[in-house]
Amino acid sequence: LKHMVSFNRMFVQVCLYFYCKCLWRCLKFVMRKLTGRCELQRICYSIKPGASRTMKIETSLRDSKNKLLQTSVSVHPDAIEKTIDDIMELKKINPDVNPQLGVSLQACLLQIVGYRNLIAEVEKLRREPYDSENPQHEEMLLKLWKCLKPDSPLEGRISKQWCEIGFQGDDPKTDFRGMGLLGLYNLLYFAERDATVAQQVLSDSLQPKYSQFSKAEWEKKKFDKAIGYSFAIVGINITDLAYNLLVSGALKTHFYNVAPEAPTLSHFQQTFCYLMHEFHKFWIEEDPLDIMEFNRVREKFHKRILKQLQNPDMALCPHFAASESLINM
């Protein structure tokens, strides 16, 4: 009986799926006849540029039964212009009569293809392990120290001083295992591009509740890790959070709203800086008892960011330069 119920339920779901698919195709056909425009035209002409438009264009192309339209979301960036011409020809749209459509479709495809390429670039960095024999890796690590502790020379490459910026031991290379070079790239970007904020967050992470103690009490407690959190380790953890938001597609809303064309690694790193700053404020607001509550606070923060990204008009960090060039395409 159980098997029969399961089969019936599955059968109904399959029938419903095909019914909806057929209904949607019929609806599209009727809309084209009534408006004289294909679905791509209707989207571009009725929805403002940004995530709402690009995501609908992406869904329309991906779900199309036409091979050209399906594969257009994964073409090489250099082939986008030709792909647009092929789509216009396929849809029998005169580019001279509808010049704005080609421009709008190109802007959307640049974002869609760029997002896929960004995932590949970020994944490559994540998979590349930190190599202490690589001079470039070592140079980046030492630069991170100089940016965060400009007035405190590092006594040696292997040193307990690394704990002062939030690494777990005397050699940071072991802490990069989870996120590879991506963790180092993000930390260094934050420390270099937003030095004042990064140094302030580092300082606060060591003593976020300083104001609650007298100086004498603080002197007794300042080495108690339960008071704050480890800056570098949290940075690597927030890198993981940003990476998962990217790969899951959740960051499409943000990137399609702030990047006028293809989102780049800089966009991803700017987003990391924003998440670090916001997580730091969130940590202080949550006022956890100790570092053992980190996972709970992180998960709550993750859910809040996901909820914000469900808003199609959301731009996590609209103040970055990338968003200033978003034009009405």
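FRET efficiency for the pair Glu299 and Arg177, taken as 1/(1 + (r/R0)^6) with r the Cβ-Cβ distance and R0 = 22 Å, rounds to 0.50.
Among Lys146/Lys303; Lys149/Lys252; Lys252/Lys303; Lys124/Lys307; Lys67/Lys307, which pairs are too far apart, with a Cα-Cα distance over 25 Å?
On the way: Lys146/Lys303 34 Å; Lys149/Lys252 35 Å; Lys252/Lys303 16 Å; Lys124/Lys307 28 Å; Lys67/Lys307 34 Å.
Exceeds cut-off: Lys146/Lys303; Lys149/Lys252; Lys124/Lys307; Lys67/Lys307.
How much length would be gained if the chain were fully extended between His76 and Lys146, taking 0.36 nm per residue of separation minus their Cα-Cα distance, in nm to one decimal?
On the way: separation 70, 0.36 × 70 = 25.20 nm, distance 3.93 nm.
Between His76 and Lys146, full extension yields 21.3 nm more.
With q set to 0.15 Å⁻¹, the log10 of I(q)/I(0) for region 32-188, from the Debye formula over equal scatterers at the Cα positions, is -0.77.
Ranked by the mean number of other Cβ atoms within 10 Å of their residues, highest first, the peptides 100-109, 287-296 come out as 100-109, 287-296. Taking region 154-188 and a reference point 7 angstrom along Cα→Cβ of Ser203, no backbone N atom is nearer than 11 Å.
Peptide packing for 60-69, 229-238 was compared via the average number of neighbouring C-beta atoms within 10 Å per residue; ordered from the highest value, the list is 229-238, 60-69. Site pair Ile158 and Arg127 shows an inter-label distance of 3.1 nm when each label is modelled 7 Å from Cα along Cα→Cβ.
When the chain is fully extended, how far beyond the present Cα-Cα distance does Asp63 get from Gln168, taking 0.36 nm per residue of separation? List each step's numbers first, then the result.
Values: separation 105, 0.36 × 105 = 37.80 nm, distance 4.74 nm.
Between Asp63 and Gln168, full extension yields 33.1 nm more.
Compared with the alpha-carbon gap, the fully stretched path from Phe11 to Asp313 is longer by 104.9 nm at 0.36 nm per residue. Among the GluC sites (Glu not before Pro) found in region 64-151, those both in a DSSP coil and sparsely packed, with 13 or fewer other Cβ atoms within 10 Å of their Cβ, are Glu133.
Its alpha carbons considered, region 140-187 gives a radius of gyration followed by a Dmax of 10.2, 30 Å.
We did not get these values from a lab; they are worked out from the coordinates using the rules stated. Bear in mind that the values here come from a model prediction, so they are computed numbers and not experimental data. Here the Cβ is made from the backbone with ideal geometry for all residues, glycine too, and neighbour counts use every protein chain on show.
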